[in-house]
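Since the structure comes first, as structure tokens, the remarks are kept for the end.
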Amino acid sequence: MLNRFVSARALAGRACGGASRPRRATRLLGLGLMSAALWLTASLAHAADRDVFADTTGAVRGVDVVAYHSLAAGAPAVRGDPAITFEYMGATWRFASIENRELFSADPARYAPQYGGYCAFAVSHGFTKSVDPDLWHIVDGKLYLNFNKRADRKWLRNRDAAIGRADSNWPTVLLACEKHDNCNTET
């Protein structure tokens, strides 16, 4: 008795050495899944190239991220010296002193800004934006940066919730910035 799901045409194809349609469909589905997996892997790898906001002056527009930890709240960022640098996560980080570079190199996770230096407000809303290094906050020993004064005010209004949302969005938000090609936007 023939299985009702196997057509006579499929049986004829097998008898002649050809693949049945169900096998062909399974093969095509497998190729499709493999292609999707490769695309996702490539997308994640490419997004990893943009884990840190950097421009021509380096990570976080060339400011010394260690210096933030000794500044008074609201003080302007300290510009890094192009001669005092450290490579981390595919970006060049500048420092105002050799001592700050040594502190960073010993514990980059302690000093690097949250969300790769992208705007904390934007990441909390599922996208990325560049930052103004003078709009910064240290919360529980972590550095957060924002894009402009408006974003900074909105972020501060509900800071803890914004941090929670951004933590949930990071780093998958990088895939969204890749899709829209705005990972290192200057606007």
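Odds and ends about this structure:
- Label point distance in nm, residue 84-residue 142, each placed 7 Å from Cα along Cα→Cβ: 2.7
- Taking label points 7 Å from Cα along the Cα-to-Cβ direction, residue 175 and residue 97 give a separation of 4.4 nm.
- Residues whose placed amide H lies under 5 Å from that of residue 146, excluding near-sequence neighbours: 120, 132, 135
- Whole-Hz ³J(HN,Hα) from phi, Karplus 6.51 cos²θ - 1.76 cosθ + 1.60, for region 109-118, glycine and proline x: 4, 6, 9, 5, x, 5, 6, x, x, 6
- Three-way shape label, region 56-123, alpha-carbon gyration tensor, a/c 1.5: rounded
- Sequence-distant residues sharing a close amide H with residue 80 (under 5 Å, placed H): 63, 64
- With a Förster radius of 22 Å applied to the C-beta separation of residue 161 and residue 109, the computed FRET efficiency comes to 0.40.
- Within the shell defined by Cβ-Cβ distances under 11 Å, the residues around residue 57 carry a net charge of +2, with Lys and Arg each +1 and Asp and Glu each -1.
A short reminder: the numbers here are calculations on the coordinates, not readings from a lab. A quick note: this is a predicted structure, and the numbers were derived from the prediction, not measured. When we count neighbours, we look across all protein chains shown, and the Cβ atoms used for this are built from the backbone with ideal geometry, even at glycine.
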